[in-house]
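> My structure is below; once you've seen it, I'll send some questions.
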Amino acid sequence: MHLTNFGKKQTRRLVVCAFALALLLMASPNLVVRGAQNTDRDRAFQLLREGKFADAQQILEKLAVEKPSDGDVQFGLGFAILATSTNIQEEAARRQARVRSRNLLLRAKELGVQDDYKDLLESSLASIAPDGGEMTKFSNSAEAEKAMREGEAAFTREEYDKAIEAYQRALTLDPKLYLAAVFLGDMYFQKKQIDKAGEWYGRAIAIDPNRETAHRYWSDVLLKNSQMDESRAQAIEAIIAEPYNPTAYNGLVQWAKMNKVSINHPKIDQPPSSMRSSTDNNQTTITIDPKTFPKEGAPHYWAFYDLTRSAYPAKFKSEFPNEQTYRHSLKEEASALRVVAEMLANDLKSGKLKTVDDESLANLLKLYQADMIEPYVLFARADAGISKDYEGYRTANREKLKRYWSEVVIAGK
């Protein structure tokens, strides 16, 4: 599946990373099973999965010396040190540990790690400043921030009830603290109280439905609990929340693997443009060579996509009066695709065209008939300009965006 993305969330806190690692290792036990000769290594990653970071660190310290070129071991040790650093009270020592963690993670990145670890490696690195400081804070409330840090430290000690108490206190102090609710869901998942975990993920979603983390974590938990329909729904919600964040797609990818289905946007390819255009003072000049203008077949229809787009910059100011500079927009791209689809539909209706044999044109016609051109553009053709239109479209068309994934992208739907 090819999905175009525009940038990543640059920070994710320790508990989010740790919970992601636990989910990853539980979902992929073969990642840590290497054979009898690697018993210590297997045990270390098992301890990481169980949240026993200090115990894992002891083993990984030895392995890192024995296997200095093993990227996975460097990653595991760096992650374990990052986790245990939350229990270091003295700031200078805590920063020193975090700097060491960062260096180990950078070394792991240089050596290479398994594909399954790459996103988590980047997330962990993004949470550590070069000097070992914290990249972001949870809350502007000092007391809520303190409670969150207490919760993090309790989590790394496997004191889940104390962590729950701390996160609940933080949420009371700052009722809009999204990650406090997410982390509460994580803690109840660790305690194997699935319904309680879902309740807290739901509360996080109520705080901010347009952040992907709670949707994705809840999807993972539901997947492991064999609640496939519910898992798919939350995986789709994660994408709707943050479609240009690569991590948002992980839930649906895992669901698809588990259910042995493919997820693909409709394939729509088109030939190079058959014309040139320029715009000056809202006047557009389009240059077309009559000798090369396509008269039939797929190139003929796509020529009208080119014509529509070539003329659009002159209309941009009237369509977007509050924007000073032209950009490629959802309206422009969808309009150009719709012109092609409408020509196809009209030619089929009149009998001028018997069938649509070209795969790309056939797929475009199906999108047009299902009224799914805009969702397709936002998810499969978005660039920096089009992505600016996403939030406004989502506000008015959230259900349609969800239907696009469930009815168009997921095979057989």
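The values are calculated or read from the model by the stated rules, or taken from the named source; none is laboratory data. Values in this document were obtained by computation on a predicted structure and should not be read as measured data. Positions of Cβ are generated from backbone atoms using ideal geometry, with glycine treated the same way; all protein chains shown enter the neighbour counts.
> Considering only residues that are among the aliphatic types (A, V, I, L, M) and over 17 Å from residue 40 (Cα atoms), look in region 71-92 and name the one that is surrounded by the fewest Cβ atoms within 10 Å (Cβ to Cβ). First the steps, then the outcome.
From region 71-92, those among the aliphatic types (A, V, I, L, M) are 73, 77, 80-83, 88, 92; that's our starting set.
Imposing the further condition that a residue be over 17 Å from residue 40 (Cα atoms) reduces the set to 81-83, 88, 92.
Details: 81: 24, 82: 25, 83: 28, 88: 15, 92: 9.
Going through the qualifying residues, I end up with 92.
> Now for a separate question. Sort out which residues of region 120-129 are farther than 21 Å from residue 50 by Cβ, touching a helix residue (DSSP H, G or I) at 6+ places or on another chain (Cβ under 9 Å) and surrounded by 15 or more Cβ atoms within 10 Å (Cβ to Cβ), and write them in order of number. Let's see the steps before the verdict.
Filtering region 120-129 down to residues farther than 21 Å from residue 50 by Cβ leaves 122, 125-129.
From the residues that got through so far, the ones that are touching a helix residue (DSSP H, G or I) at 6+ places or on another chain (Cβ under 9 Å) too are 122, 125, 127-129.
Answer for region 120-129, where residues must be farther than 21 Å from residue 50 by Cβ, touching a helix residue (DSSP H, G or I) at 6+ places or on another chain (Cβ under 9 Å) and surrounded by 15 or more Cβ atoms within 10 Å (Cβ to Cβ): 122, 125, 127, 128.
> Moving on to the next point. Sort out which residues of region 111-126 are in a helix (DSSP H, G or I) and either more than 20 Å from the chain's Cα centre (by Cα) or among the acidic types (Asp, Glu) (or both), and write them in order of number.
The initial filter retains those residues of region 111-126 that are in a helix (DSSP H, G or I), namely 111, 115-126.
Selection gives 111, 115, 116, 119, 122.
> Now a separate question. Applying the selection to region 204-229, what residues are surrounded by 18 or more Cβ atoms within 10 Å (Cβ to Cβ) and of a type in the set (Gly, Ala, Ser)?
204, 214, 219
> Moving to a separate point now. What number of residues within region 143-177 satisfy the criterion of being part of a helix (DSSP H, G or I) and farther than 14 Å from residue 86 by Cα? Full working, then the answer.
Going residue by residue through region 143-177, those that are part of a helix (DSSP H, G or I) are 143-156, 160-173.
Restricting the remaining residues to those that are farther than 14 Å from residue 86 by Cα gives 143-144, 160-162, 164-173.
So the count comes out to 15.
> Okay, next question. Which residue, of 21, 60, is in a helix (DSSP H, G or I), of a type outside the set (Phe, Trp, Tyr) and at pLDDT 90 or above? Break it down stepwise before answering.
On the way: 21 fails: at pLDDT 90 or above.
From the options 21, 60, the qualifying one is 60.
> Same structure, new question: Quick one: would you say residue 95 is surrounded by 15 or more Cβ atoms within 10 Å (Cβ to Cβ), more than 26 Å from the chain's Cα centre (by Cα) and more than 17 Å from residue 157 (Cα to Cα)?
Working: surrounded by 15 or more Cβ atoms within 10 Å (Cβ to Cβ): yes; more than 26 Å from the chain's Cα centre (by Cα): yes; more than 17 Å from residue 157 (Cα to Cα): yes.
So residue 95 fits the description; yes.
> Further, regarding this structure: Please give the number of the condition residue 395 fails out of (1) surrounded by 17 or more Cβ atoms within 10 Å (Cβ to Cβ); (2) under 21 Å from residue 237 (Cα atoms).
So the condition that residue 395 fails would be (1).
> So, one more: Tell me, please, whether a residue that is over 27 Å from residue 196 (Cβ atoms), out of contact with any helix residue (DSSP H, G or I) (no Cβ under 8 Å at 6 or more places or on another chain) and not basic (Lys, Arg) can be found in region 167-175. Lay out the reasoning, then the answer.
Initially, region 167-175 is screened for residues over 27 Å from residue 196 (Cβ atoms), giving none.
No: zero hits.
> I would also like to ask the following. Just checking, does region 100-110 include any residue being in a loop (DSSP other than H, G, I, E, B), in contact with a Ser or Thr (Cβ under 9 Å, 6 or more places away or on another chain) and within 22 Å of residue 246 (Cβ to Cβ)? Before you say what the answer is, go through the steps one by one.
Applying the first criterion (in a loop (DSSP other than H, G, I, E, B)) to region 100-110 yields none.
Looking through region 100-110, none of the residues is in a loop (DSSP other than H, G, I, E, B), in contact with a Ser or Thr (Cβ under 9 Å, 6 or more places away or on another chain) and within 22 Å of residue 246 (Cβ to Cβ).
> Shifting gears a bit: Of all residues in region 323-337, which are modelled with pLDDT of 95 or more and either among the β-branched types (Val, Ile, Thr) or under 13 Å from residue 375 (Cβ atoms) (or both)?
Within region 323-337, 330, 333, 334, 337 qualify.
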